[in-house]
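A short worksheet on the structure shown next.
The values are calculated or read from the model by the stated rules, or taken from the named source; none is laboratory data. Quantities reported herein were computed from a predicted structural model and do not represent experimental measurements. Cβ sites come from the backbone with ideal geometry, for glycine too, and all protein chains shown count toward neighbours. Heads up: the accessible areas ignore ligands, DNA and RNA and are worked out on the full protein's heavy atoms, side chains in. Shrake-Rupley method; radii C 1.70, N 1.55, O 1.52, S 1.80 Å.
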Amino acid sequence: MHRLIVANWKMNPDTPSEARALVTATKLVAGNLRHTNVVICPPAVFLALLKPTRKIALGAQDISTELRGAYTGSISAPMMKYSGVTYAIIGHSERRALGETDEIINQKIKIALSQGLRVILCVGERARDEHGHYLKHLREQLEKAVYRLPRPMAKGLIIAYEPIWAIGVDAKQADTPAGFLEQSIFIRKVLSHWCGRTMALELPILYGGSVNPKNAVSFIKEGEANGLLVGHESLRADHWREIIKIVDHA
Ligand code: PEP
C-alpha cells in the first residue's frame, strides 16, 4: 500500500502567490517519490490555481451535505470534483467545534463517496482519560460516521486519527507512536463490525496532530501509520518537504 501524506492548509496562506509557491516546493520532492502519494487540501478559492499532478492530488477541507441548491457559502462535492479534487477531509475537529454533528458527517461521507471522492474521515478525542472513556467517544464517532453506509463504500474511506489535544501550534505534544498504534487497532476493530475484518485491516489509517520532521518517521515505523495528516508544518515549505522525504524513505 502506498503511503499517503496530506497537507491541511486550513485558512492559509493569505495570497494565491504563496499558495503557488507551496505547491512548487512540493513538486520539487514529489517527482521522486516511490512509496508515497501527496494530497494538498488548500482553501477552496485556491483550487483553480493548483493543478493536480500524477504525484500530487488535491483535496477539499470540507464539502456540503447537499448536491446543489439554496445553501449560501457551501460548496458541493461535484463542484469540488470539477475543480480537480479527488479527496475530501470530513469531520475535522475544527469543523466539529463549529457545530458539525456526527449525523452531518455521516451525510457528507455518503455524498462524497457516492460522487467518487475519497474521504479522509477525522476522528479523535478531546482528552485522554486514564479510565479509557475516550475510547467510547472514539467508537461513537466511528459508528455514527458509517451508520447505514453500504459496506463496499469502505473502499473509498481513509481514517485520520487526530487527537484534538495534539492538534495545532499550541498543542503541548504529539501522540506517541505506541499510542497511535493502539488507537489504530481499536479503530480497525470498531470498523470491522461494519465492513468486515479483511476490509478493516486494509483501511488506511493516518496519524495527525503536531507532525514535524522530527517525529514523522516514528509514526510510520513504530506507529505503523499508513500516512500522515499535517497541519501547520505543511505551510513551512522546508519542513513540509523534509516530512514528505522522510515518509517516503521510512
Ligand atoms: C490538523 O488540524 O489536521 C493538524 C494535523 O494540525 P497540526 O499538524 O497543526 O497539529
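Could you pull out the residue among ILE158, ILE187, ILE120, ILE167 that is more than 27 Å from ASN12 (Cα to Cα), out of contact with any helix residue (DSSP H, G or I) (no Cβ under 6 Å at 6 or more places or on another chain) and touching a residue at least 12 places away in the same chain (Cβ under 8 Å)? Steps first, please.
Details: ILE158 fails: more than 27 Å from ASN12 (Cα to Cα); ILE120 fails: more than 27 Å from ASN12 (Cα to Cα); ILE167 fails: more than 27 Å from ASN12 (Cα to Cα).
So the residue among ILE158, ILE187, ILE120, ILE167 that is more than 27 Å from ASN12 (Cα to Cα), out of contact with any helix residue (DSSP H, G or I) (no Cβ under 6 Å at 6 or more places or on another chain) and touching a residue at least 12 places away in the same chain (Cβ under 8 Å) is ILE187.
Tell me, which residue of segment 38-95 that is under 18 Å from the mean Cα position of the chain (by Cα) and farther than 22 Å from CYS122 by Cα is least open to solvent (accessible area, probe 1.4 Å)?
Checked segment 38-95; the qualifying residue least open to solvent (accessible area, probe 1.4 Å) is LYS55.
Kindly indicate the residue of segment 174-196 that is small (Gly, Ala, Ser) and in contact with a strand residue (DSSP E or B) (Cβ under 9 Å, 6 or more places away or on another chain) and also surrounded by the most Cβ atoms within 10 Å (Cβ to Cβ) among those meeting that condition.
ALA174
Is at least one residue of segment 96-113 closer than 27 Å to SER184 by Cα, open to solvent by 80 Å² or more (accessible area, probe 1.4 Å) and more than 16 Å from the ligand (Cβ to nearest atom)?
yes
Quick one: in segment 8-33, which of the residues that are in a loop (DSSP other than H, G, I, E, B) and within 16 Å of the ligand (Cβ to nearest atom) is nearest to LEU228 (Cα to Cα)? Spell out the reasoning first.
Just the residues of segment 8-33 that are in a loop (DSSP other than H, G, I, E, B), to begin with: 9-15, 31-33.
Subsequent filtering for residues that are within 16 Å of the ligand (Cβ to nearest atom) retains 9-13.
Details: TRP9: 14, LYS10: 16, MET11: 19, ASN12: 19, PRO13: 20 Å.
Only one residue tops the list, namely TRP9.
Take ARG236 and decide whether it is open to solvent by less than 50 Å² (accessible area, probe 1.4 Å), free of Cβ contacts under 8 Å to residues at least 24 places away in the same chain and within 22 Å of ILE89 (Cβ to Cβ).
No.
Kindly establish whether THR26 is farther than 20 Å from GLY73 by Cα, under 18 Å from the mean Cα position of the chain (by Cα) and among the hydroxyl-bearing types (Ser, Thr, Tyr).
yes
Could you check segment 125-147 and list, in sequence order, the residues that are closer than 12 Å to PHE186 by Cβ and surrounded by 14 or more Cβ atoms within 10 Å (Cβ to Cβ)?
Those that are closer than 12 Å to PHE186 by Cβ and surrounded by 14 or more Cβ atoms within 10 Å (Cβ to Cβ): GLU125, TYR134, LEU135, HIS137, LEU138, ARG139, GLN141, LEU142.
Hey, LYS51 hits all of (1) of a type in the set (Lys, Arg); (2) modelled with pLDDT under 95; (3) in contact with an Asp or Glu (Cβ under 8 Å, 6 or more places away or on another chain) but one; which does it fall short on?
(3)
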